[in-house]
Each structure stands twice: as structure tokens, then as C-alpha cells.
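The values are calculated or read from the model by the stated rules, or taken from the named source; none is laboratory data. What you are looking at is a predicted structure, and each value in this text was computed from that prediction instead of being measured. No Cβ is skipped: glycine too gets one built from the backbone with ideal geometry, and neighbour counts run over all protein chains shown. Remember, those area values only see protein heavy atoms, side chains included, never the ligands or the DNA or RNA. Shrake-Rupley method; radii C 1.70, N 1.55, O 1.52, S 1.80 Å.
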Amino acid sequence: MPRIIVLGAGIGGISMAYELREKVGRHAEILVVSDSEWFHFVPSNPWVALRWRKPEDIKIRLPDLLAKFGIGFDATGARRVLAAEDAIELNDGRKLAYDYLVIATGPALAFDEVPGLGPQANSVSICHVDHAASAAERWERFCEDPGPIVVGAVQGASCFGPAYEFALMINTELRRRKIRDRVPMTFVTSEPYIGHLGLGGVGDTKGLLESLLRDCDIRWLTSTRIDRLDADAVQCTEVAADGKPGQQHSLPAKLSMFIPAFRGVACLMGDDGKGLPGLANPRGFVLVDELQCNPTYRNVFAVGVCIAIPPYEQTPVPVGVPKTGYMIESMVTAVAENIAALVAGKQPTQHPSWNAVCLADFGNSGVAFVALPQIPPRNVNWSGQGYWVHAAKVGFEKYFLHKVRSGASEPGYERLIMKMLGIGKLKSEPGRSSRNAA
């Protein structure tokens, strides 16, 4: 019986394990390897940071749960992927052989690339549930003695939605506490304009988000490089269209949160600090083709934030391309179909659509967008706003956590609804699309 190892237990990894179990049945052993026994729903981290959720509300313990569905689990964590040996080395020195490997590790957070950045230094973070829980403690102390706030995303960041969410959620919460008038706020981003999102915008995200920031009295700086975060200020430099440094700013900050740049996790990096040759690019992101398969090691697949995608366009300050939830789920479905074909002795043929459906919650409103596919040119390019987005994201959180607990990959009614909307996960489905090679 072939062994399929899924490396990572986040949104991509758990979805991958469940969909593989559905597609290959009992014709393969499925083993999930992670460095934690817990799944947590990352999109809810901003809520945790403001105490709109408790960490335990969005965490699920995995070992016994996965065992119920015939899926193995090991929380030792991986030290190195040994792709040439068809094995991974675990942190305790053991080696696990595989017939097929799916890398779904998510990223490492490159806080060290900006002096003073990160929860161990001078800013809070919402990138991990533990970071968000620590941020919640800082938040309560801040509200007792408020002052300026600076929120944004640094150079090289590829995940901008949570930065907008956090800034606008803060605005909502401060107004509820009747202390908004005591908190000057600035949004600082590497994007060339508000609402770019690493994608050249989606629909009218530029107009929608600029209007929201303006209505909420939040100043903004774009095409801005973060030079240093001090305990009480953010040092940054605007960059001109020709790449030359422009005006420098020292922004007072009693509380700051910046989305960092990402890189590959340690098990994908060599001793030289660069991605493993043939498997990953120098930054440590896994190289994949249109089948989500590594070009060098044809039994290795990858899904989610850990894959290599070139920037959509050149910008004055570097920005990356986000890998959003439904886009990741489309990768998962394609990989499950392709591995199932290989297990059955057939050739893999399925290409993910990379379609994107995103919800950004602001506490009392929100912005949603549909990009089919996520990277332009698109067949559908739409954005909208309203309280319904907040309600939809709350509903989606509960729905996804239910899917994890119930062992479901994509219930039939979900598949039917998305099909009716013309949003497919595979190019062969309604909503099919072309995309750039990774």
C-alpha cells in the first residue's frame, strides 16, 4: 500500500488529508506530519487579537480526530525534506519514507528582515494564534492608556487582507470603547496603492478601501519601506516610481502591527540558508508546475502559501502574490485528483483553477471580492462591501471548523452552490480559467 505524507496541518494540510482520504479511499496510507498537535483557523486571528474570540474557539486537537477518519498523525515536526531519498527527516532523527509527498507547511515569518519587527521585539503579530493571544494582552494594556497606532505590511509581504482587517477592526473596537478620538491611526503598506493586494486590485478594491480608510480617519502611506520599528515609533521611507528613496517618516506608535514577508520553512532550506535545490527556490518556496507537482521530484506536490509564485508585476517596493483560501482549496482538489490517478496507475491531468473568493471583515462591515482566476487577466473581477461580509465571514469560520471536526473536504451542497455561482476548483469545471505557471 503506498504511503502519502501530508507535511503540514493548517488549512491546506487538513483539507488535503481529508480530500485524499475521499479520493483514494483505503488504497493508500495517509499520514499527516506537523510540528503541533493543533489545527487553528488562521483567518480568525485578528478577532483573537481584539478578544472577539478566545484561542480555544478556533483551535482543534488533531491526533484523536484524524485517527477517527483513518488518517495517521505525527507531531514531531520535520527537520529536512529528503526528496532524492523519498523521505523526510523528523526532528527526533527518525526518517519517514513516502511514495507521495504533499508539502503544505505554510510559510516561515521573516520578522528578522526588519529591525524591531515582531512579537519578540516592538510590534504585535496576528500571523499565528499564539501571537494573536499575546497581542490581545497588549491590546488591553493599550486601551487603558491609548495613543497612536500604525498598522500595515512590510516590503516583500504577500498577505495584505489581514492588515486592512486589523486596522479597520481596531477602528470599530475603539469606537465601541468611546476612545477612538484619542488614537491617531496610520496605515503603511508596500503596495503601490491602497487595495492593490499584490494582485493589481480586484474590482474596485482601490476605491472601496480608500473610501473606508478616509471615512475612518486613517491616514495612509503607500510604496513605503519599513526601515525600523522602535519601541515608540515606526521609521519608514516612501519610495518613488523609479525605485529611489523619497520622504522619510518617523511615525509615533504606542502600538504597531505589520504583516512580515514570508519565506520557506526550515525543512525546505539548506545549510546555506537557501531553498533546497530542485525542490524550492532560493527563498524556500516549493517549485510546482500546473499540476501542483514539483518539476524535479515528480512524486512531490505542494499546496498553499509554501508554493512559489512570481510577483504579478514590478512595483517600487517589492510585494508578493497572496495565496488565498479558495485558491488553496483549488490546489488541494487538483492534487488529490492527481495523486488518486497515480495510485490507480494513471497519469495526472488536473489543473487547479486558482479561483479566489475572499472575505475581509471590519467588525461592522467588510469587503468581499471574487477573482476568477486570482491572477489577472480574469474572467470575473468583482468586489463589494457591506455588513453582509461580516456575517458571511462569521458563518464561514463556523462552517470550516465544522468541516474539520466532521472530516469533510467539500460537502455536496457546497460543491453545488459553488457550481451554481460558476466558481470551480478545477479548470475542467465551471469557472475554469488559465493561470501563469508557477
Restricted to region 68-98, and to residues that are within 25 Å of residue 288 (Cβ to Cβ) and of a type in the set (Phe, Trp, Tyr), which residue is surrounded by the fewest Cβ atoms within 10 Å (Cβ to Cβ)? 73
Quick one: residue 28 ticks every box in (1) open to solvent by 40 Å² or more (accessible area, probe 1.4 Å); (2) within 23 Å of residue 403 (Cβ to Cβ) bar one, so which box is it? (1)
Residue under question is residue 350, and the condition is that it be farther than 28 Å from residue 247 by Cβ, in a loop (DSSP other than H, G, I, E, B) and open to solvent by 20 Å² or more (accessible area, probe 1.4 Å); does it hold? yes
How do the pairs read when you match residues in region 368-397 that are touching a residue at least 24 places away in the same chain (Cβ under 8 Å) and closer than 16 Å to residue 212 by Cβ with residues anywhere that are in a loop (DSSP other than H, G, I, E, B) and hydrophobic (A, V, I, L, M, F, W, C), using Cβ under 9 Å and keeping only pairs 6 or more apart or on different chains? 369/197; 369/202; 383/202; 385/362; 389/362; 390/362
Within region 194-201, is even one residue touching a helix residue (DSSP H, G or I) at 6+ places or on another chain (Cβ under 9 Å) and in a helix (DSSP H, G or I)? no
Give me the residue from region 306-338 that is closer than 19 Å to residue 20 by Cα and open to solvent by 30 Å² or more (accessible area, probe 1.4 Å) and, out of that set, modelled with the highest pLDDT. 337
Candidate set from region 173-197 (those that are in contact with a Phe, Trp or Tyr (Cβ under 9 Å, 6 or more places away or on another chain) and open to solvent by 10 Å² or more (accessible area, probe 1.4 Å)); member that is nearest to residue 369 (Cα to Cα): 197
Single condition residue 231 does not satisfy, out of (1) of a type outside the set (D, E, K, R); (2) within 18 Å of residue 121 (Cβ to Cβ); (3) surrounded by 18 or more Cβ atoms within 10 Å (Cβ to Cβ): (3)
So residue 287, is it touching a residue at least 12 places away in the same chain (Cβ under 8 Å), open to solvent by 30 Å² or more (accessible area, probe 1.4 Å) and hydrophobic (A, V, I, L, M, F, W, C): yes
Quick check: is even one residue across region 375-390 more than 20 Å from the chain's Cα centre (by Cα), surrounded by fewer than 16 Cβ atoms within 10 Å (Cβ to Cβ) and in a helix (DSSP H, G or I)? yes
Limited to region 99-114, what total is found for residues that are open to solvent by 20 Å² or more (accessible area, probe 1.4 Å), over 20 Å from residue 277 (Cβ atoms) and in contact (Cβ under 8 Å) with a residue 60 or more places away in the chain? 5
Against the definition (free of Cβ contacts under 8 Å to residues at least 40 places away in the same chain and open to solvent by less than 30 Å² (accessible area, probe 1.4 Å)), how does residue 280 come out, yes or no? yes
When you scan region 209-220, do you find a residue that is at positive phi, open to solvent by less than 50 Å² (accessible area, probe 1.4 Å), assigned to a loop (DSSP other than H, G, I, E, B) and not hydroxyl-bearing (Ser, Thr, Tyr), even just one? no
Cβ-Cβ under 8 Å pairs, at least 6 apart or on other chains, region 195-211 side over 14 Å from residue 315 (Cβ atoms), far side in a helix (DSSP H, G or I) and open to solvent by less than 10 Å² (accessible area, probe 1.4 Å): 209/164
